[in-house]
């Protein structure tokens, strides 16, 4: 099976390839323009991108939209995660803003959410969600992962494990991550043996 992945984010493409072994994931052709991520939800953004990739290539396509929501910030940054500190902000700048805004709050709970949209060759649409609950560390740690991973301490590793997503091995991260959970739902839908 071969799918077009509607992303220009090399980190996401690499992670999806790890999560869907045996599936040929082709990057979006450079001439294909993606719509702006201005939906109110992760699923709207993911579906808009998957539709655009499918329309431009006539091939089955997937797209991911994901981010982090802080309970103490009424769910921010949410769908603005990739642009939290501004349209051209780096991962480090976005993370610094989140850490600053959460500051010394008692409520440091956060959740990663990933929505993967799939548009089949015939145009049928499906959405798969994955979530990973955790807490925000007070400062970044670790060199793995990307985005908010250096400060995201997942609940799934247990109460005595203070490692951030960026300190986990790729296999450990993929087993519990929001994107890993959504990708497993997609694989199940496609009948892919993982």
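The set of residues in the stretch 63-74 that are farther than 20 Å from residue 38 by Cβ and either crowded, with 18+ Cβ neighbours inside 10 Å or touching a helix residue (DSSP H, G or I) at 6+ places or on another chain (Cβ under 8 Å) (or both) comprises 70, 72, 73. Scan the stretch 1-24 for residues that are surrounded by fewer than 19 Cβ atoms within 10 Å (Cβ to Cβ) and under 16 Å from the mean Cα position of the chain (by Cα) and the total you get is 8. Mind checking whether some residue in the stretch 110-118 is more than 29 Å from residue 50 (Cα to Cα) and in contact with a strand residue (DSSP E or B) (Cβ under 9 Å, 6 or more places away or on another chain)? Among the residues of the stretch 110-118, not one is more than 29 Å from residue 50 (Cα to Cα) and in contact with a strand residue (DSSP E or B) (Cβ under 9 Å, 6 or more places away or on another chain), which makes the answer no.
If only residues of the stretch 140-150 that are at pLDDT 95 or above and more than 15 Å from the chain's Cα centre (by Cα) are counted, the one that is nearest to residue 102 (Cα to Cα) is 140.
Meeting the requirement of 2 or more residues that are surrounded by fewer than 20 Cβ atoms within 10 Å (Cβ to Cβ) and in contact (Cβ under 8 Å) with a residue 60 or more places away in the chain, the strands (runs of 3 or more DSSP E) wholly within the stretch 75-194 are 125-136. The residues in the stretch 42-74 that are under 11 Å from the mean Cα position of the chain (by Cα) and over 21 Å from residue 97 (Cα atoms) can be counted, and the count is 3. The single condition from (1) modelled with pLDDT under 95; (2) closer than 23 Å to residue 176 by Cα that residue 32 fails is (2). Do we have any residue at all in the stretch 6-14 that's at pLDDT 95 or above and more than 21 Å from residue 137 (Cα to Cα)? Yes, the stretch 6-14 contains a residue that is at pLDDT 95 or above and more than 21 Å from residue 137 (Cα to Cα).
The values are calculated or read from the model by the stated rules, or taken from the named source; none is laboratory data. All values derive from a computational prediction rather than experimental measurement. FYI the Cβ positions are ideal-geometry reconstructions off the backbone, even for glycines, and counts take in every protein chain you see.
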